[in-house]
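Novice: Pasting a structure here, questions to come.
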There are 2 protein chains.
Amino acid sequence: MARIVMKFGGTSVSNTDRIKNVARLVKAEVDLGNEVAVVVSAMSGTTDQLAAWSNAVAQLQRSEEYDIVVSSGEQITVGLLALALQNLGLKARSWLAWQIPIYTDCVHGNARIISIDSSIILKEIVQGQIAVVAGFQGIGPNKRITTLGRGGSDTSAVALAASLQADRCDIYTDVEGVYTTDPHLIAKARKIDFIAYEEMLELASHGAKVLHSRAVIMAALYALPVQVLSSLDKKPGTLIVKEGGLVEKQVVTSIAYSTNEAKVTLIGLTDCPGVAAAIFESLAKAAINVDMIVQNVSQNGDFTDLTFTVNSSNLNLACKMLNVLKKDLGYVDIISNAMVCKISVVGVGMRSQPGVAKIMFHTLAKCGINIQLITTSEIRISVLISSKYLDLALQALHTAYGLDTDG
Amino acid sequence: MARIVMKFGGTSVSNTDRIKNVARLVKAEVDLGNEVAVVVSAMSGTTDQLAAWSNAVAQLQRSEEYDIVVSSGEQITVGLLALALQNLGLKARSWLAWQIPIYTDCVHGNARIISIDSSIILKEIVQGQIAVVAGFQGIGPNKRITTLGRGGSDTSAVALAASLQADRCDIYTDVEGVYTTDPHLIAKARKIDFIAYEEMLELASHGAKVLHSRAVIMAALYALPVQVLSSLDKKPGTLIVKEGGLVEKQVVTSIAYSTNEAKVTLIGLTDCPGVAAAIFESLAKAAINVDMIVQNVSQNGDFTDLTFTVNSSNLNLACKMLNVLKKDLGYVDIISNAMVCKISVVGVGMRSQPGVAKIMFHTLAKCGINIQLITTSEIRISVLISSKYLDLALQALHTAYGLDTDG
C-alpha cells in the first residue's frame, strides 16, 4: 500500500466525460489498495474567462477580489469530481483550501504556500476516504482566499504530497511525460523515463510547459518522487528523482525552447559604474524580468553596447522605461527585436563531460544559424537565435546530442 | 442616513456591463449617505449550467458536493461586483457565507438559514465599507457549504437585512415591481405601489415569480420593509409592508397564475377512512407536493372520485406511485391532464368584503370557461381551468376587478 497524490490539469477535467475518466483513474489507484488524495485544476479555459471578466470590470488585478473570482473554477471541479467518484461507489469528499487549511502569504494572485495543516484531511484519508482538493488556491493570514499564480495547481499537489508524506505525486497531463524536446515540433522526440530535479527545474524555467518550476523546487526540497504522465493513455510517464538515483547521467537530457523572448540593445552607452544598475533597477520597478544579459567590452574605454532579453509581452513597456532614462544614461540608440527565440540544452552529465557547448555551436554553425546571445549554468547552455530557425535548430541539436528515436 | 440591503438577481448581473451598472446603483445609495450591504445571485444561466454538469457526472443531487459546485456562481459575482465598486473609488469587499458566517441546517440543496453572525460584517459596514455578500449559500453544522434552493438569494437578502437591523431591503429585478398581473400577458397590468406581506406571500406561493415565498415569510416575521424594483429603470418599485400600513385595502390586489399544474383524478375509489391518507402518504414519500384537492360526495356511499393537482414535472412519477397502489385501493381508473393552469386572485380586502368569488365565477362563465377545481384562503381564491383559456381568463378577471390602467 502506498499513499499517492494525483494531480489533474485543466485539459484532463475540461468536460464532464473527462471528469468521469479521471474518476476511473482514481478508482484504479484505490483498487490497488492505495490511499489517495487528488488535486484538480479548473476546467481548461475557465480561469482565462474569469480573469477576463475581472479585467472587464476593473483594472485592479491580483487583489483579494480577483482571487475570489478566479478561485471559483477549482471549486467547480472538486465538487464534480467528488460526485463522479461517489457515483462509482467510492467514499470521496471535496476540500477547499480554507477547509484544510492551506495557509499562504498575502500576495494575492501570486501567493506562496507557507504551511498545510493536513491533520484533519489525513485522518479521513487513512480511513479510506478519497480527498479531492482544490488546486491553485490557499487562505491568507487575513482569512481571505488567495491564488498561487499560473500553474499553481502543480505546486498545490507537491506541497500537499509533502505535507501528507506521500510516497509519490503523480502529475497527470495531456502528454505522456517529459520529452527530449517538444514532440509537436520534432517527430523523433522521445519520452524520458527518469530525469533529475535539477534538470526538470532548468527545463521548466526555460520554456518547457509540462510542470511548474515552483512545484519542482518544492519536490526537490522534500525529495518527493514526482511522476509526469498522461490522463488519456495508460502508460508509465517520466519519474523525477534525485540525481543520485539516475542510472545513466545524460550529457544532454532534453532541449527546451521559448518563443516569448525579445532582445533589447542599448548602443553607445557610457561605460561607467552604476549605469547597468540604473537600467535594471528601472526595469525591476516596472516588474519586468530580465533574462539573458551581455555587455561588450568597451571599444575605447568610454562607450559600450548592452544587450538583454525580456518577455516579449514586456518589450514595449521596457523600451518606454529606457526612453525615460535616455537623458541620464546618454546612450546613442535602442534596437529591439521580438523575432528571436531561446533554445536551452539541459543535462546533469555536462558537469563531468566537456565539449557540450562545442557541439551546440558547431551544429548551429553548420546550419548557418547565427547565435545572438549565450548564457549557461552548470547543467544548461542557452542560446538566442532568430525565430525563423527554431525548427531547424531543434532538429539539428536533437540529432547532434543523440536524442532521436531509433524508429 | 439609513442602513439598506440591496439584492440583485441573475439578470441584473448577467454580464460585466450589467455588473458595472449595479455598481453605479450601489454608489447612488452610498452617495446618499447610506450604509449598504449588497446580496447578489449568480449570473443568469450559471446555476443551471453548474446543475447540469452535476447531473452529467452523477445522479446524486442535493448533496454536499452538489452544493460546492452550484455555490461557486455567487462566488464569481461577489468578487466581480466588489472589483467594480473599488473601481468607482468605493471601499468594498466580498463576503462568502462561511466568512460571515451565515449558519444553516444541513439539508443540502434546500437548506434553511438558522442564524447569521453579523457582528464582524456590521463593524466594517458602519466604518463605511460596502459589504458584497454571496446569496443562495450558507455553511452547515459540519462546516460544509450549503445552498438554500432556487430563489434562495431573496431569502439571503431578507435574512441579512433582519440580522443587520436594516431600515429596508431593496430587491432589484428585471421588472419595475409587483404588478396587478403578468405585464407580459396583459398590456393593461399596473405596477402596485404598496402590498401587504400576506398578499405577497399568496402571490409568491401561487405562481408570481417576482419574490421567493420564504423571503416574504421572513420579512413578515421581522416586519422588515421590502421594496421590489427594477435595476434598469430609475423608478420607485413596490413596497411590501404590514397590512395595517396600507392606506387602501384592495379587494383584489393582484392576479397570479401558474402553468406548471397537472390534474389527476382517481375514479371509483372506495370511500372509506384511510384511503386518502394512503394516497397522499405515498406521494409525500416520493417528495411530490399536492396542491388543490377535491373529493366528490359518494354517489351511493361506497365509491367516490378524488381529484388533486401536482406540479406537472411530477405527473409521471405520481401516476406511477398510484399504479403501485391500485390493487390495495381498488379504484377503477386514473385520468390525468397536464393542459391546465391555476389562476389566483389575491387581496386582503376579501376578508371584509363579500362577493369576490361571485365576480370570479360570473366572469369566467361569461367567457365560457369551465372551472375544474376551486380552493380558497382568507385572502385568495384559486381556480383550475384549461390552459387554452389562460390569457382570456386573466384579461377578463383583470378588468372585472377594476385593475386595468386608465391609459
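Novice: Here is a list: B:K91, B:K123. Which entry is touching a strand residue (DSSP E or B) at 6+ places or on another chain (Cβ under 7 Å), without any contact (Cβ under 8 Å) to a residue 60 or more places away in the chain and farther than 22 Å from B:N142 by Cβ?
Specialist: On the way: B:K123 fails: touching a strand residue (DSSP E or B) at 6+ places or on another chain (Cβ under 7 Å).
That would be B:K91, the only listed residue that is touching a strand residue (DSSP E or B) at 6+ places or on another chain (Cβ under 7 Å), without any contact (Cβ under 8 Å) to a residue 60 or more places away in the chain and farther than 22 Å from B:N142 by Cβ.
Novice: A further question follows. Given the conditions (1) more than 12 Å from chain A (Cβ to nearest Cβ); (2) surrounded by fewer than 23 Cβ atoms within 10 Å (Cβ to Cβ); (3) more than 16 Å from A:T46 (Cβ to Cβ); (4) out of contact with any Ser or Thr (no Cβ under 6 Å at 6 or more places or on another chain), report the number of the one that B:S44 does not fulfil.
Specialist: (4)
Novice: Go through region A:1-46 residue by residue and tally those that are free of Cβ contacts under 8 Å to residues at least 40 places away in the same chain and closer than 30 Å to B:N87 by Cβ.
Specialist: Qualifying residue count for the region: 5.
Novice: What's the number of the only condition in (1) of a type outside the set (V, I, T); (2) within 12 Å of chain B (Cβ to nearest Cβ); (3) out of contact with any Ser or Thr (no Cβ under 7 Å at 6 or more places or on another chain); (4) buried (at least 21 other Cβ atoms within 10 Å of the Cβ) that A:E35 fails to meet?
Specialist: (2)
Novice: Filter region B:1-23 down to the residues that are within 19 Å of A:N55 (Cβ to Cβ) and either charged (D, E, K, R) or touching a Cys at 6+ places or on another chain (Cβ under 8 Å) (or both) and list them by number.
Specialist: Scanning region B:1-23 gives B:D17, B:R18, B:K20.
Novice: Can you pull out the residues in region B:52-62 that are at the interface with chain A (Cβ under 10 Å from one of its Cβ atoms) and out of contact with any Leu (no Cβ under 7 Å at 6 or more places or on another chain)? Lay out the reasoning, then the answer.
Specialist: From region B:52-62, those at the interface with chain A (Cβ under 10 Å from one of its Cβ atoms) are B:52-61; that's our starting set.
Passing the criteria: B:A52, B:N55, B:A56, B:Q59, B:Q61.
Novice: Related question: Exactly one of these conditions fails for B:Y66: (1) more than 9 Å from chain A (Cβ to nearest Cβ); (2) in contact with a Leu (Cβ under 9 Å, 6 or more places away or on another chain). Give me its number.
Specialist: Failing condition for B:Y66: (1).
Novice: Follow-up. Give me a count of the residues in region B:168-177 that are of a type in the set (V, I, T) and at pLDDT below 95.
Specialist: Quick first cut of region B:168-177, residues of a type in the set (V, I, T) only: B:171, B:173, B:175.
Subsequent filtering for residues that are at pLDDT below 95 retains B:173, B:175.
So the count comes out to 2.
Novice: Tell me whether region B:56-77 contains one or more residues that are within 26 Å of the chain's Cα centre (by Cα), over 22 Å from B:G138 (Cβ atoms) and buried (at least 24 other Cβ atoms within 10 Å of the Cβ).
Specialist: Among the residues of region B:56-77, not one is within 26 Å of the chain's Cα centre (by Cα), over 22 Å from B:G138 (Cβ atoms) and buried (at least 24 other Cβ atoms within 10 Å of the Cβ), which makes the answer no.
Novice: From A:D174, A:D170, A:D154, grab the single residue that is farther than 23 Å from A:V251 by Cα and surrounded by fewer than 22 Cβ atoms within 10 Å (Cβ to Cβ).
Specialist: A:D174
Novice: Closer than 17 Å to A:E261 by Cβ and assigned to a helix (DSSP H, G or I) - does that describe any residue in region A:380-388?
Specialist: The answer is yes; a qualifying residue exists.
Novice: Would you say A:Q49 is within 12 Å of chain B (Cβ to nearest Cβ), of a type outside the set (S, T, Y) and crowded, with 24+ Cβ neighbours inside 10 Å? Spell out the reasoning first.
Specialist: Numbers: within 12 Å of chain B (Cβ to nearest Cβ): yes; of a type outside the set (S, T, Y): yes; crowded, with 24+ Cβ neighbours inside 10 Å: no.
When the stated conditions are applied, A:Q49 does not pass them.
Novice: Here is a further query. Evaluate the following for A:V22: is it at pLDDT 95 or above, within 28 Å of A:D67 (Cα to Cα), crowded, with 18+ Cβ neighbours inside 10 Å and away from every other protein chain (no Cβ under 14 Å)? Can you show your working first?
Specialist: Values: at pLDDT 95 or above: yes; within 28 Å of A:D67 (Cα to Cα): yes; crowded, with 18+ Cβ neighbours inside 10 Å: yes; away from every other protein chain (no Cβ under 14 Å): no.
Spelling it out, it is not the case that A:V22 is at pLDDT 95 or above, within 28 Å of A:D67 (Cα to Cα), crowded, with 18+ Cβ neighbours inside 10 Å and away from every other protein chain (no Cβ under 14 Å).
Novice: So is B:S382 of a type outside the set (D, E, K, R) and under 19 Å from B:A204 (Cβ atoms) or not? Give the steps one after another, and end with the answer.
Specialist: On the way: of a type outside the set (D, E, K, R): yes; under 19 Å from B:A204 (Cβ atoms): yes.
Yes: the conditions hold for B:S382.
Novice: Here is a list of conditions, (1) touching a residue at least 40 places away in the same chain (Cβ under 8 Å); (2) touching a Leu at 6+ places or on another chain (Cβ under 6 Å), and A:V78 meets all of them except one; can you say which number that is?
Specialist: (2)
Novice: Just to be sure before I move on: is B:D17 of a type in the set (D, E) and within 14 Å of chain A (Cβ to nearest Cβ) in the structure I sent? Step through it out loud before you land on a result.
Specialist: On the way: of a type in the set (D, E): yes; within 14 Å of chain A (Cβ to nearest Cβ): yes.
Here the answer is yes, as B:D17 does meet what is asked.
Novice: Which one is farthest from the other protein chains (Cβ to nearest Cβ), of the residues in region A:94-127 that are under 26 Å from A:A28 (Cβ atoms) and in contact with an Asp or Glu (Cβ under 7 Å, 6 or more places away or on another chain)?
Specialist: Applying the filter and picking the extreme gives A:V126.
Novice: Which numbered condition in (1) modelled with pLDDT of 90 or more; (2) in contact with a helix residue (DSSP H, G or I) (Cβ under 6 Å, 6 or more places away or on another chain) is the only one that A:K242 fails?
Specialist: (2)
Novice: Can you name the condition, by its number, that B:G10 falls short on among (1) in contact with an Asp or Glu (Cβ under 6 Å, 6 or more places away or on another chain); (2) away from chain A (no Cβ under 12 Å); (3) under 29 Å from B:P141 (Cβ atoms)?
Specialist: Of (1) in contact with an Asp or Glu (Cβ under 6 Å, 6 or more places away or on another chain); (2) away from chain A (no Cβ under 12 Å); (3) under 29 Å from B:P141 (Cβ atoms), only one is false for B:G10: (1).
Novice: While we're looking at this one, here's another question. Which of (1) buried (at least 21 other Cβ atoms within 10 Å of the Cβ); (2) modelled with pLDDT of 95 or more is the odd one out, the single condition B:Q165 does not satisfy?
Specialist: Of the numbered conditions (1) buried (at least 21 other Cβ atoms within 10 Å of the Cβ); (2) modelled with pLDDT of 95 or more, the odd one out for B:Q165 is (1).
Novice: Of these, B:I139, B:I120, B:I114, which one is aliphatic (A, V, I, L, M) and buried (at least 18 other Cβ atoms within 10 Å of the Cβ)? Reasoning before the result, please.
Specialist: Details: B:I120 fails: buried (at least 18 other Cβ atoms within 10 Å of the Cβ); B:I114 fails: buried (at least 18 other Cβ atoms within 10 Å of the Cβ).
Result: B:I139 is the single residue among B:I139, B:I120, B:I114 that is aliphatic (A, V, I, L, M) and buried (at least 18 other Cβ atoms within 10 Å of the Cβ).
Novice: OK, next. Counting only residues that are more than 8 Å from every other protein chain (Cβ to nearest Cβ) and not small (G, A, S), which one in region B:83-93 is surrounded by the most Cβ atoms within 10 Å (Cβ to Cβ)?
Specialist: B:L85
The values are calculated or read from the model by the stated rules, or taken from the named source; none is laboratory data. Quantities reported herein were computed from a predicted structural model and do not represent experimental measurements. FYI the Cβ positions are ideal-geometry reconstructions off the backbone, even for glycines, and counts take in every protein chain you see.
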